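**Q** Here's a structure for you.
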Amino acid sequence: MLPTRVFLVFLSLQFSHVKGNDLNLDIIDAIKKNINWENIRDNLRNFTEETHLAGTLGAERLAHKIADKWIKAGLEDVHFKEYNALLSYPDFSNPNTMSILTASNEVIFKNTGRGKFLVPEERYSFGADVQWVAYAGNGTVAGDVVYCHYGRDSDYDELEKNGVSVNGKIALIRYGKGHRGNKVLNAQGQGAVGAILYSDPMDVALDGTNAENVFPAKKYLPSEGAQRGGVRRSRGDALSPLHPAKDDLFDYQTIEEAKTRMELPSIPVLPLGYSDTWEILSRMGGEVIPAEWQGGLNVTYRFGGGLKDGHKVKMEVRSTLQKRKISNVIGYIKGSEEPDKYVIIGNHFDAWVYGSVDPGSGTAVLAEVARSLVQTIEETGWKPKRTIMFCNWDGEEFGLIGSTEFVEEFAEILRDRAVVYLNVDNIHANETMYVATIPTMYEVSSLTSKLIDNPMENEIKEGRKTVYDTCSGHMPCLTLILISQTLL
């Protein structure tokens, strides 16, 4: 599907320049001819050789790799836009842990705070196995645990209806049905002293939890896997809302002010795999939860409020907030008729670990888009009517920081000159194409998918010759929505 993604991007760029019916099919054919899937493969391997968390040397090295690749491809004015943003890090040498204590404070279970290496090469990247979430409050808490389902307002209403309070306790919350930042801040608002986030096998191991049913045998999450992420629910730099996080500009609020406004959590938070979570759930007391709250672990789920035999759960979270440099990579192909109008194509490059899917797959495609477009220009003499701006954002995983700060710095220019933004974050899922966009771009999506040859032999055998045919064959309702929107 990687070449298909390149076709989609190319053709969307082409449609973005169209006025009336002047779509140049010869250029589309030239673009298709110039796409080299081996370059995408090599880009992906090159971009994911080491971990590249925002604010680290790995991310800085990757930014320079991308810039060098773009310069070699022929993009113009390739440069960095840097910001000094508030980021969050764990103690990679001493990971966060969850312990279960007896009534006499004896430790009867303690996890390592580390995931399982699935390939030997991972062992050579320091901290790649550490399980953590960004912007968690720092500290150690111990107490009773309440199972809060997905941590939504409706879930706390159900707890209250059953006479269960999370005040002064640790909230155990399932991933899903909402952003993790909302889950944490909801728990904090309910008076929780800490929050544990976990992925339930009912949501992430649909074929079962045995080794033959999870990664690497299948796509599902293994029992030791814990989901990383940020637990802020706002976007951009936390200390400079609505203003770029530049060294020569002052911060508009302090860390304590951001916590007071609940823009940053103040309680400790850690993620767990479902095997570690079982250690808690199997010891929980209280009434049995409603059937619709039941998860996929082989245990009776209970509301909790206390663990059996007076046991307690202890969380040790070592989290720091640090201002660090992030660097967006920017490059251009100048337009021939309206060079001051921008068709922007972007993706982020920072990742929690290696980022081979999110965002490496998109970053690899973006580099090939740049190379192939320049090659087409050199071979045919064609040039886009408007300037194409290429953007690789940094700090996305921490809350869309790189792109948000860029927009805050150049808001007036972008308001007047930006025509469209195309995002190519990652490639995953199945044979269908899902498009999230504004109504005026539905037609572009629909027409583009009809011009792309189907890359899947099994689909071609079923008579589905284009990407559009596959989408309409597998998801006719979504396709009808796209078509109906284009006719409005």
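We did not get these values from a lab; they are worked out from the coordinates using the rules stated. Since the structure is predicted, the reported quantities are computational estimates derived from the model, not experimental observations. Reconstructed Cβ throughout: ideal geometry from the backbone, glycine too, with neighbour counts over all protein chains shown.
**Q** Roughly speaking, what is the centre-to-centre gap between the stretch 342-388 and the stretch 51-91 when only Cα atoms are used, to the nearest Å?
**A** Going from one Cα centre to the other spans 15 Å.
**Q** Then there is this: Can you list the lysines whose alpha carbon sits under 26 Å from that of K323, skipping same-chain ones fewer than 8 residues off?
**A** Correct list for K323: K65, K81, K183, K246, K259.
**Q** Would you mind calculating the gained length between L206 and D416 on full extension (0.36 nm times residue separation, minus the Cα-Cα distance), in nm to one decimal? Intermediate values should be presented prior to the final figure.
**A** Values: separation 210, 0.36 × 210 = 75.60 nm, distance 4.79 nm.
Length difference between fully extended and current span is 70.8 nm.
**Q** Can you work out the Karplus-derived ³J(HN,Hα) for every residue in the stretch 95-108? Use 6.51 cos²θ - 1.76 cosθ + 1.60 with θ = phi - 60°, whole Hz, and x for glycine or proline.
**A** So the Karplus estimates, Gly and Pro as x, are x, 5, 9, 10, 10, 10, 10, 6, 4, 9, 6, 7, 7, 10 Hz.
**Q** Put +1 on the Cβ of each Lys and Arg and -1 on the Cβ of each Asp and Glu in the chain; which of T209, S240, G395 then has its Cα farthest toward the positive end of the dipole?
**A** Of the options given, the answer is T209.
**Q** So for the chain: antiparallel DSSP bridges make up what percent, rounded to the nearest 5? Intermediate values should be presented prior to the final figure.
**A** Details: 36 of 64 bridges.
Roughly 55 percent of the beta bridges in the chain run antiparallel, per DSSP.
**Q** Please list, in chain and number order, the residues 5+ apart from L239 or on another chain whose amide H is under 5 Å from its amide H, with Hs placed from the backbone.
**A** Long-range HN contacts for L239: L86.
**Q** What is the angle, in °, between the Cα long axis of helix 360-380 and the longest principal axis of the Cα atoms in the chain? Nearest 10 is fine, range 0 to 90.
**A** Helix 360-380 sits roughly 10 degrees off the main axis of the chain.
**Q** Counting Lys and Arg as +1 and Asp and Glu as -1, what is the net charge of the other residues whose Cβ lies under 14 Å from the Cβ of D207? The partial results should precede the final answer.
**A** Working: positive: K218, K219; negative: D203, E212.
Summing Lys/Arg as +1 and Asp/Glu as -1 gives 0.
**Q** Additional query: Taking one equal scatterer on every alpha-carbon of the stretch 92-317, how large is log10 of I(q)/I(0) by Debye at q = 0.11, 0.12, 0.13, 0.16 1/Å?
**A** Results for the stretch 92-317 at q = 0.11, 0.12, 0.13, 0.16 Å⁻¹ read -0.57, -0.67, -0.78, -1.13.
**Q** Same structure again: Under 5 Å between amide H atoms, partner at least 5 residues away or on a different chain: which partners does H348 have, H built in plane at 1.01 Å?
**A** W393
**Q** What is the angle, in °, between the Cα long axis of helix 180-189 and the longest principal axis of the Cα atoms in the chain? Nearest 10 is fine, range 0 to 90.
**A** Once rounded, the angle reads 40 degrees.
**Q** At 7 Å along the Cα-to-beta-carbon direction for both L57 and S266, put a label point, then send me their distance in nm to one decimal.
**A** For the pair L57/S266, the computed spacing is 3.7 nm.
**Q** Please work out the FRET efficiency for the pair L25 and T440, using the Cβ-Cβ distance as r and a Förster radius of 22 Å; give the result to the nearest 0.05. Mind dumping the intermediate values first?
**A** Values: r = 23 Å, r/R0 = 1.03.
In this case the efficiency is close to 0.45.
**Q** While we're here: Taking the Cβ of I460 as the center, what net charge do the other residues with Cβ under 13 Å away carry, scoring Lys and Arg +1 and Asp and Glu -1?
**A** -3
**Q** Based on Cβ point charges of +1 for Lys and Arg and -1 for Asp and Glu, what charge dipole magnitude is obtained for the chain about its Cα centre, in debye rounded to the nearest 20? Don't skip to the end; give the middle numbers.
**A** Values: 52 positive and 65 negative charges, 80 e Å.
The dipole of the chain has a size of about 380 debye.
**Q** Choose one of G58, I267, H179: the residue whose Cα lies farthest towards the positive end of the charge dipole of the chain (beta-carbon charges +1 Lys, Arg; -1 Asp, Glu; about the Cα centre).
**A** I267
**Q** Once label points are set 7 Å from the Cα along Cα→Cβ at both D248 and T300, what is their separation, rounded to one decimal in nm?
**A** Result: 6.8 nm between the two label points.
**Q** Something else now. For the stretch 92-317, with only Lys/Arg (+1) and Asp/Glu (-1) charged at the beta-carbon, what is the dipole magnitude about the Cα centre, in debye rounded to 20? Mind showing how you got there, number by number?
**A** Working: 25 positive and 28 negative charges, 22 e Å.
Rounded to the nearest 20 debye, it is 100 debye.
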